[in-house]
Amino acid sequence: MRLRLGVQLDYDLTADTPMIAMVNVHPSRASLLEYPDLITTNPSVPIHGYYDSYGNWCCRLVAPAGRFSIRTDTIIRDSGQPDPYHPEAMQHRVEDLPAETLVFLLGSRYCETDRLADEAWRLFGNTQPGWSRVQAVCDFVHNHIRFGYENARNTRTAAEAYQERVGVCRDFAHLAVAFCRTLNIPTRYCTGYISDVGQPPPYAAMDLAAWIEVYLSGQWHVFDPRNNDRRIGRVPIAYGRDAADVPITHTFGPNLLTRFAVITEEA
C-alpha cells in the first residue's frame, strides 16, 4: 500500500523567531519513502537538521516576522497490515532490561509515576504481567477518558487526566505511559500519522496522533489507548519520554498558529 503523508503549519509572527520542527517521518522508516519528505517553507529560509538524543530527526530554522508556513509532503510504502499482535510477549525483570530502556521507566514532565503508583498497582497488580497487563492498562485508559478537542490543554499531566477524565490523544498516551512505567514496563511516548484505511466512514479531519510503545520480549510493541485497536497505516515521526520531548514545533518567541493541516491517505 502507498500512503500520502504531509503537514502544513501557518504562523503569524511578530518578530524573527527561532524554531525547532519535528515533522519528518522517523529515520527508522525513511527507507520506505518514495522521495524525501523535505521541509519547505514560505518564505524560504535556511534549515539545519540534527538528531536528538532519542534518534529523532529535528530541523532548526529562524522564521521571519510576518506570515510563515512550514510544509512536508511524501509517499511512503506500507505493508497494509494492522499493528502487530503478540499476546505471548513477556515482561522483563528490571535487572534484565537493556540499559537504553531504563530511561523509559522513570517519571517525566507529563507522566508523574510517583503520583500514580498506588493507583496503578491497585488497578492492575492482579493482571498477568506482559502483553495482557499492557492491554488491561489501555482498556482502562480508553474507557476512563472522554475524547474531545474542546478538552485539549497543553499543560495537562497524566495525573490530571486521570482525575479530570477528559482529554485528547496525548492525554490517553500520557496516562498509559505513566501506569505502565509504574508497573516496571519501559514505555515511550510516540507521535506520528495514523490513516483511516480500513475504518468505516465518516472520517474526521486528519490530525497527528499520539500512542505508546512498550518494551516486551526484547522489542518495542505498539499500543494505542486512544483508539484501542490495531490500525493500518501507522507511521511514526518521533519517540520520547512524553510530549515535552517531541513537539511538532518548538518556537522560541510569541507566535500565532493560524492553520494546521495533516494529510494521511491512500495514494
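The values are calculated or read from the model by the stated rules, or taken from the named source; none is laboratory data. For clarity, every value in this text was computed on a predicted model and none was experimentally measured. Quick reminder, even Gly has a Cβ in these numbers, built from the backbone with ideal geometry, and neighbours come from all protein chains shown. Each accessible area value is taken on the protein alone, full model and side chains, heavy atoms only, with ligands, DNA and RNA left out. Shrake-Rupley method; radii C 1.70, N 1.55, O 1.52, S 1.80 Å.
Laid out as a table, the results:
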quantity	calculated
For the chain, alpha-carbon Rg relative to the globular expectation (2.2 N^0.38 Å, N residues)	1.01
At R0 = 22 Å, FRET efficiency that the Cβ-Cβ distance of Phe260 and Ala65 yields, to 0.05	0.65
Size of electric dipole in the stretch 1-57: Cβ of Lys, Arg +1 and of Asp, Glu -1, about Cα centre, debye, nearest 20	320
Where the stretch 143-229 is the region considered: accessible area per residue in Å², 1.4 Å probe	37
Most to least packed among 119-127, 57-65, 189-197 [average Cβ atoms within 10 Å]	189-197, 57-65, 119-127
Rough spin-label spacing in nm, given labels placed 7 Å along Cα→Cβ, for Asp16 and Asn151	4.4
The stretch 111-267 - charge dipole about Cα centre, Lys and Arg +1 at Cβ, Asp and Glu -1, debye rounded to 20	120
In Hz, Karplus ³J(HN,Hα) per residue of the stretch 39-53 (6.51, -1.76, 1.60; θ = phi - 60°; x = Gly, Pro)	6, 10, 10, 9, x, 5, 9, x, 10, 10, x, 7, 9, 7, 6
Extension gain (nm, one decimal) between Val45 and Ala30, 0.36 nm per residue minus Cα-Cα	3.0 nm
Accessible surface of the stretch 122-240 [probe 1.4 Å, protein heavy atoms]: carbon and sulfur percent	46
Calculated [θ] (222 nm, deg cm²/dmol) that DSSP helices of n ≥ 4 give over the chain, each run adding -39,500 (n - 2.57)	-5500 deg cm²/dmol
Cα-based helix-to-principal-axis angle, 169-182 vs the chain, degrees rounded to 10	40
Which of Trp211, Leu32, Thr249, positive extreme of dipole for the chain (C-beta unit charges)	Thr249
